[in-house]
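Values quoted throughout were computed directly from the atomic coordinates according to the rules given, and no laboratory measurement underlies them. Since we're looking at a predicted model, the values are computed, not measured. Positions of Cβ are generated from backbone atoms using ideal geometry, with glycine treated the same way; all protein chains shown enter the neighbour counts.
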Amino acid sequence: MNSQALTLPDRPAPFVRVISGLVLGLAMFFAQAMAVDARGAPESFADLAEKISPAVVNITTSTTVAATADGGPMVPPGSPFEDFFRDFLDRQNPGGQGEGPQNRPRRSQALGSGFVISEDGFIVTNNHVIEGADEVTIEFFSGKTLDAKVIGTDKNTDIALLKVESDEALPFVSFGDSDAMRVGDWVMAMGNPLGQGFSVSAGIVSARGRALSGTYDDFIQTDAAINRGNSGGPLFNMEGQVVGVNTAILSPNGGSIGIGFSMASNVVGKVVDQLKQFGETRRGWLGVRIQDVTPDVAEAIGLEEASGALVTDVPDGPSKDAGILSGDVIMSFDGTEVADTRELVRVVGNADIGKAVRVLVFRDGKTETLMVTLGRREDAEAEPVPASAPATEPVEKEVLGLTIAEMTDELRSQLGLNPGSEGLVVADVAEDSEAYEKGLRAGDVITEAGQQKVVVMADLEDRIAEAKDAGRKSLLLLVRREGDPRFVALTLD
C-alpha cells in the first residue's frame, strides 16, 4: 500500500491544518491534565521517613523456655555423633543428676516492630510478636528503651495493644482510612527487619481485601519489602498515616519476595479502641451457621442472584429468638447489603453488643425483615455450640446419584446420632455423580429437601416432584455430617 498523508475528503488544506492544530492542542491539554491527576513516584521518601520515624519502635520480648525432656540436642540413634554428644553432656552434668546446663530452663528472645498511637504511650503491634512473653522492651528511634505492659490482645486479627510509661509526651502517628487506598497507590513500611534496626522500604498497594485464614481478615497486599522482624510495624500512606499493620509474608524461603500482607487500619482501629476501653474485644454475635450462596443454590431456591449468606443452622441465641430459620438467605444486615458470608461476619462483628438491628432475609420466594438483638461473640464461643440433629437408612432407593435409606435405631447407633434423630441416610454415592463431586459421602444425613423436612423416602420424592412442577432445575438439600450442616444443590434429571 502506498504511504499517504491522511486528509479529510472534500476539505481544503487550510481546514486540515486547523483540525490538526486543534487535535494537537487537545492532546497536549489531556496529557497535561493526566500528568497533574496521576500520582507519580515521589522524588524521595526522606521527608516522610523523617516525619514518622520517631513514632516507630523496635520490640524485644523475652520468654522462659522449659528444658527439653532429654536435656540435650536431638541426635538420631546410631549417628556417629551420638557418643560424642553423650560424653559432652556427661561432662557438663556429672552423674546425670540435678540440673546441668542443658536441662535448665533458658531465656529466649524475639524481635518485632510496632508504632506509638498516642502521646501517653499506647503502642500497637502484632499479637504473635508478644504472645507468651514474660518481658516486653520497647526501643525508640532515639535509642531510649522502656518496659511495656500488655493491655489486651486479639488473636483473630493478630493485634496487641501495649502501654509504656514515659515522663514526656511521645511522638505518635494516627490511623488513616484503609478503604481509601487503591491498587497502585504508594505505601511505605518501617520496622526492624531481621533484627537490623530501624529500616524503611517502599512499594505500592498490590491488592486489596485479601483474606488469609482468619474470620475477620482484610489485608492490604504490598510489594514493599517486609521481612521477619517487620511484624507489627506500620504501613504508611504518603500523608504519614497508618493504613495497615505488617503481619505476614508469602515466601518459599522466609525472605521477602514482594508479597506482603498488612491488616487494614479500619479493622485494626476498631480492635484497638476495644482493647483500650475493655482490655478485650467485644464483637457482635448473630448466632447462625452460614455458607455462601452458589449459583446452583440460588436457582434451587428461586433467588435471582447468587449473593447473601445462606443460613444452615440456627442454634439457641439471638437469631433463633428473632425467628430466623435454617434455609433463610440473609440479604442485608442493619442496612448494609450482604454479598457473602465473609462480609456478614465482618459487619456483625463490628456491630455493638445489645443493639437491635434489622435483618432482611429471603424466605419462600419473598423477603422478610426481622429484628435481632445482638449477643456477644466471645461469650458464645466460650460455650460449646450444640450440634444439630442428623440422620439416614434401610428402605433404600437410588435417586440423584445417591443411594438413600430411611433412618433406623441401628443406623442412629452406627452413626452416633442422638435418639430421635430424623432424616434420610446416604448409604452410597455414585462416584461419577454430581453429588459425589459436591462432596456428599456415605454416612451423610439429609434432613431437608426443598427447604422442607424429610423423614421418609416419600418426603424426598414429593420434594423432587414439586421442584420439577415449579420448573426448578435443581433441588436444595440440607446435609449434616457429624452434626455440621451445609446446603447442597443437586441438578434434577
### Query
What is the calculated FRET efficiency for Lys468 to Lys320, with r their C-beta to C-beta distance and R₀ = 30 Å, to the nearest 0.05?
0.40
### Message
Between Met371 and Glu305, what is the label-point separation in nm under the 7 Å Cα-to-beta-carbon projection?
### Response
2.9
#### Entry: Radius 12 Å from Cβ of Asp340, net charge of other residues (Lys, Arg +1; Asp, Glu -1)
-2
### Approximate spin-label separation Val399-Phe278, in nm, with each point projected 7 Å along Cα-to-Cβ
4.7
### Summary
Of the residues Leu490, Ser421, Val399, the Cα lying farthest along the dipole of region 397-491 towards its positive end, which is defined by charges on the beta carbon of Lys, Arg, Asp and Glu, belongs to Leu490
### Task
Could you list the residues of region 462-487 with an amide nitrogen less than 15 Å from a label point located 7 Å from the Cα of Val456 in the Cα-to-C-beta direction?
462-463
### Query
Tell me, what HN-Hα J-couplings in whole Hz come from the Karplus equation 6.51 cos²θ - 1.76 cosθ + 1.60 at θ = phi - 60° for each residue of region 415-430, using x for Gly and Pro?
8, x, 8, 5, x, x, 4, 10, x, 10, 8, 7, 7, 7, 10, 5
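Grab the other residues whose beta carbon is less than 12 angstrom from that of Pro295, score K and R as +1, D and E as -1, and report the net.
Neighbour charge sum, excluding Pro295 itself: -4.
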## Note on the structure
Given backbone amide H placed at 1.01 Å from N, residues whose amide H is under 5 Å from that of Asp328, ignoring those fewer than 5 places away on the same chain, are Val311
## Note on the structure
Violations at 21 Å Cα threshold for listed pairs Lys320/Lys453; Lys155/Lys320; Lys270/Lys320 -> Lys155/Lys320; Lys270/Lys320
### Task
Step through the residues of region 483-493 one at a time and calculate ³J(HN,Hα) from phi using the Karplus curve (6.51 cos²θ - 1.76 cosθ + 1.60, θ = phi - 60°), rounding each to whole Hz and writing x for Gly and Pro.
x, 8, x, 7, 9, 9, 9, 10, 5, 7, 5
#### Entry: Using θ = phi - 60° and Karplus 6.51 cos²θ - 1.76 cosθ + 1.60, couplings along region 345-355 (whole Hz; Gly, Pro as x)
4, 5, 6, 5, x, 7, 7, 6, 5, x, 6
### Rg/Rg_globular for region 397-491, with Rg_globular taken as 2.2 N^0.38 Å and Rg from C-alpha atoms
1.01
### Message
Need one number: the % of Cα-Cα pairs in region 178-278 sitting beyond the 22 Å mark.
### Response
24
### Message
Below 13 angstrom from the Cβ of Ser53, what's the summed charge of the other residues (Lys, Arg +1; Asp, Glu -1)?
### Response
-2
### Task
Please work out the FRET efficiency for the pair Val183 and Ala382, using the Cβ-Cβ distance as r and a Förster radius of 51 Å; give the result to the nearest 0.05.
0.85
### Query
For region 345-383 and region 129-145, what is the separation of their Cα centres, given in Å?
40
### Query
Counting only residues 5 or more places away or on other chains, whose amide H sits under 5 Å from the amide H of Ala442 once H atoms are built in the peptide plane?
Val429
